[in-house]
Every structure is written in C-alpha cells, then in structure tokens.
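Each remark here refers to the structure printed beneath this line.
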C-alpha cells in the first residue's frame, strides 16, 4: 500500500523597520513576542559582544510585564570566524537547556550576519525548533542575509556547510544601529542592494546610481532607503520565487557568490562578505562580456557604480594557486555546485534588471577575465 498526501503549510515572513527598538515606549519588539500557550513568555537574548546594549535590553524587558528575560543578554563573538567554532552552538543549546526554554519561548539574536546565522541554527535545532527573532545590526544583514530564511555554521572549512532553513518568527530592523557602524560595515550592505537591483529591478538600480554620491559619503537617510528597498526585494523573492527552501539548484540572489564564497576562504575572511561579493560580481560581469551575454558599455557602467560606492573589483587572492598550479578560485565553482545540491546553476545579468541562469562556465574565459582584472 502506498500512502501519499500533499502537505500545505503557510508561513508569514514578518519584517519590521523601526528606530530605537529598546526604548521602553517602542512596542515593535514586544508586539511580535506573543504566544497563545503561556501567560508569561520566556525570552533568551544573544548579542554581539561588541555591542553595548545590555542595560538597554534589560530595562526594556523589565517594562514588559508579559515577557520574562530569563538571564542577562549572553555575549557571542561576531564575525565569520565565530561560525567556525562549534562550541558556540553548544553554548547556545546549553543556555536553552539550563533556562528551560520550550518551543513556545523565544530566542533573540542581535548582531551581524554571522551572529544571526549561528544563533538561528542553534535555535532551529534545539527542541527541533524554537521561535527565533532576528535583530540585524549591519547594512548587510538588515538588507540581505538577516531577512532571509537560512541559518548555518562553517564546517570542513566550507561556509555554511551545516545549516537549516527556518523562517524567523520576525525580523526587527532598528535603523539606529546603522549610525554606529564603522565605515567598512556601513558600506558592506550597498553591494547586495546593487546585486538585487541588477537581477530584479532596473528602476531600483537607477535609483542607487542617483544616490551614489550620498551613498559614497555613507549618508544615513540614503543608506536606510537603499537597505529597506533591498530587504523588500529579498523578502519578495523568498515569498514569490517558488523555492524558499532551495529544493532546486537555482539561487538567483547568489549572483556573484560562487567566487565570493571562495574568496572569503582564501583570504581567511580578511575580505568581508560584501567586499567579496563586489569582486565576485565584477568577475561575472566581465565574464558575461567575454561570452557576449552583456554589452561592454553596460558592464562598465555597473563596474563604475561598484567602484564609486567604495568597493574594489579585484584582489591578490584571485592569483592563489594550489600545488598543481591550478587557480584556487576556480574550485569555487565545484564547491558552489555541491552547496546547491544539484547541477551547477550560475546567475548572470544580460541586461539591467534581468537575469539568466547558466549551468556551466567556460574556464578559459574565466581565466582570461581573471588575468585581465589584474591589468
């Protein structure tokens, strides 16, 4: 006997923008921490150890009579390197166990993309899933990774090799966090905005071009506008793209990422994700010109915008070779295919606001592009 039933699930992806999220009068966060099963909701908070928010967080929860902050916010190291240390996952599980959280409790992660990935993975696996709320603190995480549905830690020296797909209960983007970022981190999220505009929305791309002088100076209002629109595009793709948990092999939001992921590894993560994506996009744009998919004028226009926003389009690590004299960066293609779990699928841009997917790349053309990039 065969038994087959379709299972239809409905999710709400709740992303909210606010200012001063931990001001006692701000109800944004409290309004998402609800449950039908408990009178008092237990909350566990993990926070980037570079953020000085502990007092504000504790005072906020003291003012919320239906919420119990079970312990002071627990610090975790930020940055991609933290995802290489499995003991951080175990420490989160231990806190969940020791404070007797259940599936009706909440875990809040406050920090950049690495903190959100790490805590999100631990939350999704503790008790087979505890509701988690993301509070991204960087332009990159507020406009891109932090509004996604992926969590992960690094393993076998590969980025996000272990992970889950788990839609967060909510994402609360406090734009005040962006004011205190170092310039390098403020700039990082701009490249993901350019990326999503290139593959989805020419009008948005042209708006970024218009704002480029203000964005290059890291004007706060311009940053918030671009980050919010980038987030909207990412959420729209997840909700309407037809494959939120990536059962297929197409990942259009990863334009430029096959090289970026490998480049991060080759630099021992000294090159940030945003900086690596800028270089990866530049490689794929030049490759598209080389194979006559994209005209050179448009490619140069995009490369000029990337440069004007403060990003490099090449790096010495692209020259790295293995013991057999082969370019290490080219291994990123096979690793990307493995990460997809199927055939190689690379997103390229034939026109502003449009995308096309290819299932192979001409290694000779890639080598030519890499060689020309050094000139």
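Values in this text are rule-based calculations from the coordinates and carry no lab data. What you see is a predicted model; the values in this text were computed from it and never measured. We place every Cβ from the backbone using ideal geometry, glycine too, and count neighbours over all the protein chains shown.
Relative to the dominant Cα principal axis of the chain, helix 363-373 is inclined by about 90°. Is the shape of the range 270-311 best called rounded, prolate or oblate, per the rule: a/c under 1.5 gives rounded, else a/b larger than b/c gives prolate, else oblate, with a ≥ b ≥ c the square roots of the Cα gyration tensor eigenvalues? It is oblate, given that a/c is not under 1.5 and a/b is not larger than b/c.
Annotation: the chain has a Kirkwood hydrodynamic radius of 21.5 angstrom, from the mean reciprocal C-alpha pair distance.
Assuming a ≥ b ≥ c are the square roots of the Cα gyration tensor eigenvalues, decide whether the range 58-142 counts as rounded (a/c under 1.5), prolate (otherwise, with a/b larger than b/c) or oblate.
oblate
Report the Stokes-Einstein translational diffusion coefficient (µm² s⁻¹, integer) for the range 183-373, Rh taken as the Kirkwood radius over Cα pairs, at 4 °C with viscosity 1.567 mPa s. Rounded, D is 77 µm²/s. In this structure, residue 221 and residue 326 have a Cβ-Cβ separation that, at R0 = 45 Å, corresponds to a calculated FRET efficiency of about 0.45.
Taking label points 7 Å from Cα along the Cα-to-Cβ direction, residue 40 and residue 103 give a separation of 2.4 nm.
Say R0 is 25 Å: what FRET efficiency, to the nearest 0.05, do residue 56 and residue 228 get from their beta-carbon distance? Once rounded, the FRET efficiency stands at 0.60. Size descriptors for the range 1-68, from the alpha-carbon set: Rg then Dmax equal 17.6, 60 Å. Summarising the label geometry, the points placed 7 Å from Cα in the beta-carbon direction at residue 87 and residue 292 lie 5.8 nm from one another. Counting only alpha carbon atoms, the long axis of helix 183-200 and the longest principal axis of the chain meet at about 70°. Annotation: extensible slack from residue 301 through residue 2 equals 101.9 nm (criterion: 0.36 nm per residue apart, minus Cα-Cα distance).
Once the Cα atoms are used to define both axes, helix 273-290 deviates from the longest principal axis of the chain by about 30 degrees. A simple spin-label model places pseudo-atoms 7 Å from Cα toward Cβ; at residue 334 and residue 71 they are separated by 4.4 nm. Rounded is the label for the range 6-148, because the ratio a/c of its alpha-carbon gyration tensor axes (a ≥ b ≥ c) stays below 1.5.
Extents of the range 102-238, taken as max minus min of Cα coordinates on every principal axis and listed largest first, are 48, 30, 29 Å. Two numbers describe the Cα atoms of the range 155-216: Rg and Dmax, which are 15.6, 43 Å.
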